[in-house]
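Q: Shown below is the structure under consideration.
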Amino acid sequence: MDVSLLKELIGYAASLIILVSLLMTNVFRLRLINGVGSVLFAAYGWLIGSWPVCLINLVIAGIDAWYLLEILTSSAYFELAPASSVGPEYLKRIFLFHERELQKYAPGLTLEDLQEACTCLIFRNMLPVGVFSIRQEGEDAHIIIDFLIAEYRDFKAGRFLYRTKRMFFKERGIKRFHAVARHPSQPKYYLKNGFTRNPDAAGEFLLNL
C-alpha cells in the first residue's frame with residue numbers, strides 16, 4: 001500500500017472516530033472513543049510531520065485519560081427510594097419525561113405497571129438517575145425495568161443494586177432475580193452484574209442472592 005494513502009486513511013479514521021465520540025450520550029464512552037481518536041490523530045500528525053497536530057492531540061488524549069481515571073476511581077453515593085416514599089406525582093413525572101427511553105428497555109411499559117409493582121427510584125449523589133421495578137412472586141423477583149439515565153450508565157448503579165443492596169432484597173424474602181433482555185445492551189449489563197443465562201428460557205437471565 002502506498003505510504004501517502006496509508007497516512008490519509010489514518011487521518012480519515014481518526015476524524016471519523018472523533019465524530020462518533022461526539023454522538024455518545026454516556027460520558028465514559030465519549031471520553032474513551034475520543035481518546036482513541038486523538039491518539040490516532042496524533043499518529044497522523046507525526047506521520048505527516050505536523051508537530052502542532054501531534055502535540056495538541058496527545059494533550060487531548062491525556063485529558064481524556066485523566067477523566068476516564070477519575071470516573072473509574074471516583075466514589076458515588078447511591079440510595080434506593082421506594083416510589084411510594086417520594087409520591088405518585090413524582091413517579092409520574094419521571095415516567096413521562098423518560099417514557100421514550102423506558103420503552104426501549106421495556107416495550108409496552110405503562111405508568112400503571114410501575115404503580116402496581118414494587119418500584120424504586122435510584123438516586124446517585126441525591127440526583128434521580130434511574131428506575132428499578134420488580135414483581136415479586138414468593139422467593140422470585142421478576143425485573144420489570146432496570147433503567148438508568150444515559151449519562152450514568154457506568155455499571156456503578158448495577159453494583160449498588162445487585163451487590164451492595166443484596167441483603168436488602170434477601171430480607172424481603174427474595175432469593176432469585178429473573179431478567180429478560182429486551183435491548184441489545186442488556187445481556188452485557190446483566191452478565192457484568194453476576195447474572196447467568198437461563199438455559200431453559202432464551203433471553204432470560206438469573207441471579208441467585
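The values are calculated or read from the model by the stated rules, or taken from the named source; none is laboratory data. Every value quoted in this text rests on a predicted model; they were computed, and no experiment measured them. Neighbour counts are summed over all protein chains in view; Cβ atoms, including those assigned to glycine, are modelled from backbone coordinates with ideal geometry.
Q: Please verify whether segment 79-88 includes one or more residues that are modelled with pLDDT of 90 or more and in a helix (DSSP H, G or I).
A: Checked against the condition, which is being modelled with pLDDT of 90 or more and in a helix (DSSP H, G or I), segment 79-88 yields at least one hit.
Q: Among the residues of segment 144-151, is any under 14 Å from Ala106 (Cβ atoms), of a type in the set (Phe, Trp, Tyr) and assigned to a helix (DSSP H, G or I)?
A: No; the residues of segment 144-151 include none that is under 14 Å from Ala106 (Cβ atoms), of a type in the set (Phe, Trp, Tyr) and assigned to a helix (DSSP H, G or I).
Q: What residue, of Ile60, Ile71, is assigned to a helix (DSSP H, G or I), aliphatic (A, V, I, L, M) and surrounded by 17 or more Cβ atoms within 10 Å (Cβ to Cβ)?
A: Just a single option satisfies the conditions, and that option is Ile60.
Q: While we're looking at this one, here's another question. Among the residues of segment 145-159, is any without any contact (Cβ under 8 Å) to a residue 12 or more places away in the chain and not hydrophobic (A, V, I, L, M, F, W, C)?
A: The answer is no; no qualifying residue exists.
Q: Right, here's the next one. Being among the charged types (D, E, K, R) and more than 13 Å from Ile143 (Cα to Cα) is the filter; apply it to segment 188-209 and report the residue that is surrounded by the most Cβ atoms within 10 Å (Cβ to Cβ).
A: Looking at the filtered set, the residue picked out is Arg197.
Q: Have a look at Leu206, Leu109 and point out the one that is part of a loop (DSSP other than H, G, I, E, B), out of contact with any Pro (no Cβ under 9 Å at 6 or more places or on another chain) and either without any contact (Cβ under 8 Å) to a residue 40 or more places away in the chain or in the same structural domain as Ser84 (by TED's automatic domain parsing) (or both).
A: Matching residue, one of Leu206, Leu109: Leu109.
Q: Let me ask something else about it. Kindly indicate the residue of segment 26-51 that is touching a residue at least 40 places away in the same chain (Cβ under 8 Å) and closer than 15 Å to Leu68 by Cα and also nearest to the chain's Cα centre (by Cα) among those meeting that condition.
A: Asn26
Q: Then there's this: Assess whether Arg31 counts as being of a type outside the set (Ser, Thr, Tyr), surrounded by 15 or more Cβ atoms within 10 Å (Cβ to Cβ), assigned to a helix (DSSP H, G or I) and modelled with pLDDT of 90 or more.
A: yes
Q: Looking at segment 79-93, can you tell me whether even one residue there is farther than 19 Å from Met126 by Cα and among the polar types (S, T, N, Q)?
A: Within segment 79-93, none of the residues are farther than 19 Å from Met126 by Cα and among the polar types (S, T, N, Q).
Q: Taking Arg176 as the residue in question, decide whether it is over 26 Å from Met126 (Cα atoms) and either at pLDDT 95 or above or outside the structural domain of Phe123 (by TED's automatic domain parsing) (or both).
A: Yes; evaluated as a whole, the condition is true for this residue.
Q: If you check Ser185 against the conditions, is it modelled with pLDDT of 95 or more, in the same structural domain as Ser85 (by TED's automatic domain parsing) and either polar (S, T, N, Q) or surrounded by fewer than 18 Cβ atoms within 10 Å (Cβ to Cβ) (or both)?
A: no
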